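Working notes, beginning with the structure itself.
The values are calculated or read from the model by the stated rules, or taken from the named source; none is laboratory data. Small disclaimer: the values here were computed from a predicted structure and weren't measured. Positions of Cβ are generated from backbone atoms using ideal geometry, with glycine treated the same way; all protein chains shown enter the neighbour counts. All accessible areas refer to the heavy atoms of the entire protein, side chains included, with ligands and DNA or RNA removed. Shrake-Rupley method; radii C 1.70, N 1.55, O 1.52, S 1.80 Å.
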Amino acid sequence: MDTHTFILILNQPVDETTSDLLFDAGLDDAAVTAFDGNTALDIDREAPTLLDAITSAVREAESVEGIRVT
């Protein structure tokens, strides 16, 4: 499988508790960062395709209450 690198922009800042929830949701391959003044997840994900990688990461991020990918 290939490793795909991409950034997801989030709708809100992420505190330590939310960061832990994102990790527990499956985003152990992500680092919380900032992009263009917004909170973001910098992700390196193994998946068959980039679409598969992005889709699974969005699903995991949005499973955390209050988090939306913009």
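Just a few scattered comments:
- With Cα atoms defining each centre, region 1-27 and region 45-70 are spaced 8 Å apart in the structure.
- Nearest-ten-degree value, helix 50-62 long axis tilted from longest Cα axis of the chain: 30 degrees
- Within region 41-70: backbone nitrogen closer than 17 Å to the Asp28 label point (7 Å, Cα to C-beta): 43-47, 57, 60-61
- Legend: calculated FRET efficiency, Ile7 to Thr49, from the Cβ-Cβ distance at R0 = 25 Å, rounded to 0.05, equals 0.90.
- Gaussian network model of the chain, springs between alpha carbon atoms under 10 Å - residue of Thr55, Thr33, Thr18 with greatest fluctuation: Thr55
- Here the spin labels are modelled as points 7 Å beyond Cα on the Cα-Cβ line, and at Asp42 and Glu65 they lie 3.1 nm apart.
- Rolling a 1.4 Å probe over the heavy atoms of the protein chains gives the chain an accessible area of 62 Å² per residue.
- Accessible carbon and sulfur surface of the chain relative to its total accessible area, %, 1.4 Å: 49 percent
- Recomputing mean projected area of the Cα convex hull in nm² from the coordinates shown identifies the correct label among (1) 7.3; (2) 4.1; (3) 5.6 as (2).
- Charge tally for Leu22 (other residues, Cβ to Cβ under 10 Å; Lys, Arg +1; Asp, Glu -1): -4.
- The relative contact order of the chain, computed from alpha carbon pairs under 8 Å that lie at least 6 residues apart in sequence, is 45 percent.
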